[in-house]
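Heads up, the thing below is written out as structure tokens.
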Amino acid sequence: MSKEQFTIPIGPQHPALKEPGHFTLTVDGEVVTGASVRLGYAHRGIEKAVESRNWVQDLYLLERICGICSHIHATAYCLGVEKLAGVTAPPRAQAIRVLVAELERIHSHLLWLGVAAHQAGFDTLFMYSWRDRETVMEVLEQLTGNRVNYSANLLGGVKFDVDTRVLETILSGLDFLETRTHHYLDIVSGDRIFLQRTRGIGMMTSEQAERLGVTGPTARASGVRRDIRVDAPYAAYDRYPIQVVVETTGDLEARFIVRLKELLETYHLIRTLLDGLPEGDLKTRMPRRIAAGETISRVEAPRGELFYFIKSDGGDQPARIKVRTPTLSNMASVTQLAVGHQLADMPMLLTGIDPCFSCNDRLTTVQTSGESETWTWEKLRQYGIASYRERG
Amino acid sequence: MKIETMLRDIIQSLFHKPVTELYPAQRQPTPQRLRGKLRWNPEKCTGCCLCVKDCPCSAIELITIDKDNKRFVMRYDAGRCTFCAQCVQNCRFNCLEMSSEDWELAAMDKALFTVTYGREEDVQSLLGCVAPTGDPAGE
Ligand code: SF4
Ligand code: SF4
């Protein structure tokens, strides 16, 4: 018996989406029977743009791939370029990179907690978690001078040191945030009404998680023990090991719990790090031209594994940089898990992976005759303008 | 299982003053390391242009007035600057610094973002022969 099906388009502009993305959902009544996603609306051509700037200038361009996890992009890039150049940043610099990365994780996870609570209709949690997030924003501002895009990294080191004043701000901030995180953990695992939106919703088994290739907290909430900080320690993570937080239930509730427990782990790591911060220089000399070669650099961003491929032809500009952000790896899980759920669960399901569209949009499809051709910057630009006009 | 898990937070908030900052009526002190408008000191500048070379957004330009006597003028466009402080790092003679006080840079006119720094007579001589942009008095 064939039933009439409804197709509901969501996006690219939609109140439930903070960034542009397009979802096509087919529904049978209130139940979703199929979902597909179309990305690429926030494609900015960054990978092409880095090829026409020098290694130092690219640091700041790449840092702006994401407004939330900016530091981790810069760190992945710096570590990769340093590897190519055969330079290692001093231990104190590596520790400060880890420090800023972990503070950034706090700010990212708290931001996510608020957004996810808002999607669930729990605006009180949204407001209070964001109020508390200000604490870590102020810590970051004291440490680096900026709330976002801290620009703490340099090729070959970092710009900012931790002095006693900053140290005290960080430690007192952490104490406050730790109490609050315990409180939020109680709420997300105990509030009866909130649990109706999260418990048993978006179930993903660890086999599914492996098959869909999800990363980060989304994978860890499904029992996949994978964290680049432990599996392939970079910067100073070999000196400051973390405990990987894993939950096995695989539903939305588990994704909340994993992220909040990760925060507790992060507070612990920062305290240990500040306790034994190595003395020494903040930076070392970097050559302007980077030896020819190619390398990859993997780091654990707040949303999962962030991957950089960097290729140099020996000049003062990179030959190719490829970035893969965790949202891309996690996106497939949203369309897969959507089937069988209520339409009203879709915003929560999407938020569960903590998507970041503009970080993710690396590619846009261009149809040509099939023969390969090389485009100039100008042609690419003109094509882009015309194409966006056409798409409206 | 509980309900009203956040009731205590709400009640407590009734007895606290609001956390929202009443900017611009009330100003919080700025953090010491805040990176605001760039400042340039012409006295020590050697004209090496290392700052210009690595600026990611071409926000600074060094104009040579008299190379032998090391007289330069710097044109800075705060509208292009991303406040990354790479230029400050690059300068080996500490000519550059980013102000932690001067950060309210919004303007209604694009030209106001451009500032010409330098010795007064150099700025004057430059602006005499080139069309003036922005704040001709410099700082
Ligand atoms: S702070 Fe950064 S963007 Fe601004 S002038 Fe200096 S190098 Fe350029
Ligand atoms: S790096 Fe310093 S010395 Fe060199 S041109 Fe810039 S301001 Fe002058």
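Observations
- Yes/no for B:Glu120 being open to solvent by 20 Å² or more (accessible area, probe 1.4 Å) and within 14 Å of ligand 1 (Cβ to nearest atom): no
- Filtering the stretch A:1-35 to residues that are open to solvent by 80 Å² or more (accessible area, probe 1.4 Å), without any contact (Cβ under 8 Å) to a residue 60 or more places away in the chain, farther than 17 Å from A:Gly340 by Cβ and part of a loop (DSSP other than H, G, I, E, B) leaves A:Met1, A:Ser2, A:Glu4, A:Gln13, A:Pro15.
- Residues in the stretch B:8-54 that are among the basic types (Lys, Arg) and within 12 Å of ligand 1 (Cβ to nearest atom) were compared, and the one that is surrounded by the fewest Cβ atoms within 10 Å (Cβ to Cβ) is B:Lys53.
- Failed item, numbered, when B:Cys57 is tested on (1) within 23 Å of A:Trp55 (Cα to Cα); (2) away from chain A (no Cβ under 12 Å); (3) within 10 Å of ligand 1 (Cβ to nearest atom): (2)
- Scanning the stretch B:65-101 for residues that are small (Gly, Ala, Ser) and within 12 Å of ligand 1 (Cβ to nearest atom) yields B:Ala78, B:Gly79, B:Ala85, B:Ser99.
- Of all residues in the stretch A:216-272, those that are in contact with a Gly (Cβ under 6 Å, 6 or more places away or on another chain) and part of a helix (DSSP H, G or I) total 3.
- Hey, A:Leu84 assigned by TED's automatic domain parsing to the domain that holds A:Phe307 and surrounded by 24 or more Cβ atoms within 10 Å (Cβ to Cβ) or not: no
- Taking the listed residues A:Thr169, A:Thr124, A:Thr144, A:Thr164, the one that is more than 10 Å from chain B (Cβ to nearest Cβ) and either in contact with a Phe, Trp or Tyr (Cβ under 6 Å, 6 or more places away or on another chain) or not small (Gly, Ala, Ser) (or both) is A:Thr164, with no other qualifying.
- Any hit, the stretch A:36-57, residues being in contact with a Phe, Trp or Tyr (Cβ under 8 Å, 6 or more places away or on another chain) and within 14 Å of another protein chain (Cβ to nearest Cβ): yes
- Identity of the residue in the stretch A:100-155, out of contact with any Asp or Glu (no Cβ under 7 Å at 6 or more places or on another chain) and at positive phi, that ends up surrounded by the most Cβ atoms within 10 Å (Cβ to Cβ): A:Gly145
- Taken over the stretch B:88-98, the residue count meeting the criterion of being surrounded by fewer than 19 Cβ atoms within 10 Å (Cβ to Cβ) and either touching a Phe, Trp or Tyr at 6+ places or on another chain (Cβ under 8 Å) or assigned to a strand (DSSP E or B) (or both) is 1.
- Any hit, the stretch B:67-74, residues being of a type in the set (A, V, I, L, M, F, W, C) and closer than 24 Å to A:Glu63 by Cβ: no
- The stretch B:48-87: number of residues that are within 12 Å of ligand 2 (Cβ to nearest atom) and in a strand (DSSP E or B): 10
- Output for the stretch A:156-180, where each listed residue is loosely packed, with under 14 Cβ neighbours inside 10 Å and either touching a Gly at 6+ places or on another chain (Cβ under 7 Å) or of a type in the set (Ser, Thr, Tyr) (or both): A:Thr164, A:Ser172, A:Thr179
- Within the stretch A:181-213, if we keep just the residues that are aliphatic (A, V, I, L, M) and more than 13 Å from every other protein chain (Cβ to nearest Cβ), the residue that is most open to solvent (accessible area, probe 1.4 Å) turns out to be A:Met203.
The values are calculated or read from the model by the stated rules, or taken from the named source; none is laboratory data. Only a predicted model underlies this, so the values are computations on that prediction, with no experimental measurement involved. Please note: Cβ atoms are built from the backbone with ideal geometry, for glycine as well, and neighbour counts cover all protein chains shown. These accessible areas exclude ligands, DNA and RNA; they are computed on the full protein's heavy atoms, side chains included. Shrake-Rupley method; radii C 1.70, N 1.55, O 1.52, S 1.80 Å.
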